[in-house]
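K.L.:
The structure's right below; bear with me while I get my questions together.
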Amino acid sequence: MNNKTLNLFTYCLIAFSLILSGCGSSTPEQAPETVELISCETSDNDPQNDACGKVLLGLTDADGDFLLYNVTVTGIELTRRDGTQVSLLPSPQMIDFATYVELTELVTAATIPAGVYTSGSISISYAGADIQVEKNGDAVAAQMVDENGDLLTDTTLSLELDADNPLVIARARPALLEVDFNLSASHEVDLTTEPVTVTTEPFISAEVDPVMSKEFRIRGPLIRVSEDNSLFRIAVRPFHRRDGRFGGANVAVNDDTNFEINGETFTGSEGLSQMAQLEAGTATVTHGLFERNIDSFTAITVYAGSSVPGHDKDAARGVITAREGDRLQLHGVTLIRETGEVGFHPLITVNIADTTHVIKPRRVDEEVSINDLSVGQAVTVLGELQLEQGSDAVPEMDATNGGVKMRLTFASGHQVAQNASELTMNLQALHGRSPERYNFAGTGVDSSMDADPNNYQVSVTNLMVSEGNSGDPVRFNGFVTPFGSAPADFDAVTVVNYAESRSQLYVDWPMGEEVMAFGELTSESLTINIAQSEEAGIYKLIQGGIRTDLTSFDQLVRVEPKFERGVYAIRDNNSVKVFSNFADFATELQAEMDSGLQVDKLHAIGGFSHDAVSLQAIKIAVKLTPTDASN
């Protein structure tokens, strides 16, 4: 009964053979083989059968160079140790991976047969893909090709989970599996071609109970509310799906949970009481964290009813690049229609008025208005879209009787100056876009005070920001200050310390038998060798918008694990092996190299120390290739 394929969205029938035997040879009187049929069905309720358990599947991404990365995931499968296979998606799903750099989407809460799962696969179709990159400040479409320069169509990657940290499914508690589509490790963007070409070698890894905790987004209609247990339950509908069977999930709330329900804001138990008055089936979107100690999600922010984008109004999700009076310009816009359609537009205009309802998440006690909507702010706008099909005219959205939700925005660059309350930076990227895309006119108290990307002033009041040096990379999450009020230009909520996390190494060695990727590879670390070759390699340290050539350091960069457990992946052809222990990863990598394979590329994420010239890695991805291959 090997290699059985089970569809989770119909009944999963598993046959267990019980063979009774005694000493000596078989006899006609021996009891015959018996078969017990057990069903595992994904439903809105938790599994009741001891032979079934639940897997919570999250989808995320590492930082990449894409404004939009819309491809179709045609299947995700897991394989149990005995060869049994289960499918986790009921149907193909178009997914924009570029939106999952800062968060993880709960894709399914699937009920599957209990057991130990050791491998899996993910299949992706590039037919009808929509890939957008930034070139000279504009969003342009990119053409996807494989490493041979051929147009990319379909690809399937097999995943081998870490033997020391397999996926264990049991009824007692849900298992959490996070799949990371690493855009940085998977692609090389060439902006010099027409059209822009992206060489693609998908690199996907999977991790049980992730080391790096990202915020989850959990979407779906409300099932019920339990005020006594401080939780509510939803039927999972990932992305913008309005149908399908993806399981159910409990969401816990606490005193700090913020609610926006039908345009009104609440906090804590008051918000949950308002949720209890909603009808079953009401649309919800929750941002929160998965807490292993309670085996549940805990909500940070909850949206319900008309506050959910696309529920009873059209929605536009983008960033404000210019403002003139009560007219906003949004770039890089995802449009979510009331009809359920989802599309991308590079530019739209939005009309607002004093009647526009403005909400600032996690700052629900603050008085906010349209004055808070300034250049660089990431927003979700609810209103009525005027879109002429087949027309080249810029779409317009009327939000005068709608609403605008301010979203956490990120600004990165390198430090110019610093004092106790303010840090000045040379801005390299504002919410992922080059500063040249923005028109900062009107942002200051007068024109002489308009935001200046070369001296972008960030308020760090109430933040513990360690003293840095001029030129140090910095990144802040927060909100742009109100229109016409600068300086400061940006109000920071959190600061990213690149010495602790979010630093990236990207290395692409030239090919050739004489090329040695590592100066040293041990059970504790590796050092990145700068190959002396006629063909140039790529050796980059990426910290926000700042890229540093590794050849500028006076010693080889050392990479070592940051924690006892990490995610260390090796890709060979279309197979990816994942390890949680660095020593096991190093042993396998050395064995692969000894067998005749060469290290082609490396991508690592962690904290980088300029003093020690070392990266404390949380994740490492290595791609291997035969020594006689060429890039």
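The values are calculated or read from the model by the stated rules, or taken from the named source; none is laboratory data. In this text, all values refer to a predicted model and were calculated from it rather than measured experimentally. Cβ placement follows ideal geometry from the backbone for every residue including glycine, while neighbour counts extend to all protein chains displayed. Just so you know, the surface numbers come from the protein's heavy atoms only, side chains and all, with ligands and any DNA or RNA stripped out. Shrake-Rupley method; radii C 1.70, N 1.55, O 1.52, S 1.80 Å.
K.L.:
Pairs, please: C-beta under 8 Å, at least 6 apart or cross-chain, first residue more than 17 Å from residue 301 (Cα to Cα) and in region 269-286, second basic (Lys, Arg) and surrounded by 13 or more Cβ atoms within 10 Å (Cβ to Cβ)?
P.N.:
Correct list of pairs: 280/224.
K.L.:
If you take the residues of region 409-447 that are of a type in the set (Asp, Glu) and farther than 19 Å from residue 496 by Cβ, which of them is most open to solvent (accessible area, probe 1.4 Å)?
P.N.:
436
K.L.:
Moving on to the next point. Output the residues belonging to region 501-530 that are of a type in the set (A, V, I, L, M), under 22 Å from residue 581 (Cβ atoms) and not in a strand (DSSP E or B).
P.N.:
The one that is of a type in the set (A, V, I, L, M), under 22 Å from residue 581 (Cβ atoms) and not in a strand (DSSP E or B): 517.
K.L.:
Would you please name the residue that is surrounded by the most Cβ atoms within 10 Å (Cβ to Cβ), looking only at residues in region 366-394 that are modelled with pLDDT of 95 or more and among the β-branched types (Val, Ile, Thr)?
P.N.:
Here the residue is 381.
K.L.:
Answer with yes or no whether residue 412 is in contact with a strand residue (DSSP E or B) (Cβ under 6 Å, 6 or more places away or on another chain) and outside any strand (DSSP E or B).
P.N.:
Criteria not met by residue 412.
K.L.:
For residue 531, only one of the following conditions fails: (1) in contact with a Phe, Trp or Tyr (Cβ under 8 Å, 6 or more places away or on another chain); (2) at pLDDT 90 or above. What is its number?
P.N.:
Answer for residue 531: the failing condition is (2).
K.L.:
Here is a further query. Pick out, from region 249-302, the strands (runs of 3 or more DSSP E) lying fully within it that include 3 or more residues that are under 27 Å from residue 210 (Cβ atoms) and touching a Lys or Arg at 6+ places or on another chain (Cβ under 9 Å).
P.N.:
Fully inside region 249-302 and qualifying: 283-291.
K.L.:
Still on this model: Answer with yes or no whether residue 565 is assigned to a strand (DSSP E or B), buried (at least 18 other Cβ atoms within 10 Å of the Cβ) and charged (D, E, K, R).
P.N.:
Criteria not met by residue 565.
K.L.:
Okay, next question. Taking region 312-322 as the region of interest, how many residues are open to solvent by less than 30 Å² (accessible area, probe 1.4 Å) and either within 13 Å of residue 381 (Cβ to Cβ) or at pLDDT below 90 (or both)?
P.N.:
Result for region 312-322: 6.
K.L.:
Give 349, 355 a once-over and let me know the one that is among the hydroxyl-bearing types (Ser, Thr, Tyr) and either open to solvent by 30 Å² or more (accessible area, probe 1.4 Å) or outside the structural domain of residue 371 (by the TED database) (or both).
P.N.:
Every option except 355 fails the conditions.
K.L.:
Which ones in region 469-500 are assigned to a loop (DSSP other than H, G, I, E, B), touching a strand residue (DSSP E or B) at 6+ places or on another chain (Cβ under 7 Å) and buried (at least 17 other Cβ atoms within 10 Å of the Cβ)?
P.N.:
472, 481, 483, 487, 488, 489, 498, 499
K.L.:
Would you be able to say whether some residue in region 179-186 is open to solvent by 60 Å² or more (accessible area, probe 1.4 Å), among the aliphatic types (A, V, I, L, M) and touching a residue at least 12 places away in the same chain (Cβ under 8 Å)?
P.N.:
For region 179-186, residues open to solvent by 60 Å² or more (accessible area, probe 1.4 Å), among the aliphatic types (A, V, I, L, M) and touching a residue at least 12 places away in the same chain (Cβ under 8 Å): absent.
K.L.:
Of all the residues that make up region 266-286, how many are closer than 17 Å to residue 310 by Cβ and surrounded by fewer than 18 Cβ atoms within 10 Å (Cβ to Cβ)?
P.N.:
Here the count works out to 1.
K.L.:
Sticking with this structure for a sec: Anything in region 48-101 that is over 20 Å from residue 504 (Cβ atoms), open to solvent by 30 Å² or more (accessible area, probe 1.4 Å) and not hydroxyl-bearing (Ser, Thr, Tyr)? List them, or say none.
P.N.:
48, 49, 50, 70, 77, 81, 82, 85, 90, 92, 94
K.L.:
Moving to a separate point now. Looking at region 317-337, can you tell me whether even one residue there is farther than 30 Å from residue 483 by Cβ, more than 22 Å from the chain's Cα centre (by Cα) and free of Cβ contacts under 8 Å to residues at least 24 places away in the same chain?
P.N.:
Checked region 317-337: no residue is farther than 30 Å from residue 483 by Cβ, more than 22 Å from the chain's Cα centre (by Cα) and free of Cβ contacts under 8 Å to residues at least 24 places away in the same chain.
K.L.:
Between residues in region 582-597 that are more than 18 Å from residue 617 (Cα to Cα) and residues that are open to solvent by 30 Å² or more (accessible area, probe 1.4 Å) and not in a loop (DSSP other than H, G, I, E, B), which pairs lie under 7 Å by C-beta distance while being six or more apart or on different chains?
P.N.:
590/521; 592/572; 596/626; 597/572; 597/626
K.L.:
Now a separate question. Taking region 578-631, which residues are of a type in the set (Val, Ile, Thr) and either at pLDDT below 95 or surrounded by 19 or more Cβ atoms within 10 Å (Cβ to Cβ) (or both)?
P.N.:
578, 599, 605, 618, 620, 622, 625, 627
K.L.:
I need every pair where a residue in region 190-206 that is touching a residue at least 40 places away in the same chain (Cβ under 8 Å) has its Cβ under 6 Å from the Cβ of a residue that is among the basic types (Lys, Arg), sequence separation at least 6 or different chains.
P.N.:
Sorted first by the residue in region 190-206, then by its partner, the pairs are 191/135; 203/571.
K.L.:
Which of the numbered conditions does residue 439 fail, given that it passes all the others? Conditions: (1) in a loop (DSSP other than H, G, I, E, B); (2) farther than 21 Å from residue 331 by Cα.
P.N.:
(2)
K.L.:
If you don't mind, another one. Can you pull out the strands (runs of 3 or more DSSP E) entirely within region 102-148 that have at least 3 residues that are open to solvent by 20 Å² or more (accessible area, probe 1.4 Å), of a type outside the set (Phe, Trp, Tyr) and touching a residue at least 24 places away in the same chain (Cβ under 8 Å)?
P.N.:
Strands (runs of 3 or more DSSP E) meeting the threshold: 115-135, 138-145.
K.L.:
Exactly one condition in (1) free of Cβ contacts under 8 Å to residues at least 12 places away in the same chain; (2) under 22 Å from residue 82 (Cβ atoms); (3) not aliphatic (A, V, I, L, M) is not met by residue 164; state its number.
P.N.:
Status for residue 164: all satisfied but (1).
K.L.:
Next question, about the same structure. Could you check how many residues of region 323-365 are of a type in the set (D, E, K, R), modelled with pLDDT of 95 or more and assigned to a loop (DSSP other than H, G, I, E, B)?
P.N.:
Number of matching residues: 2.
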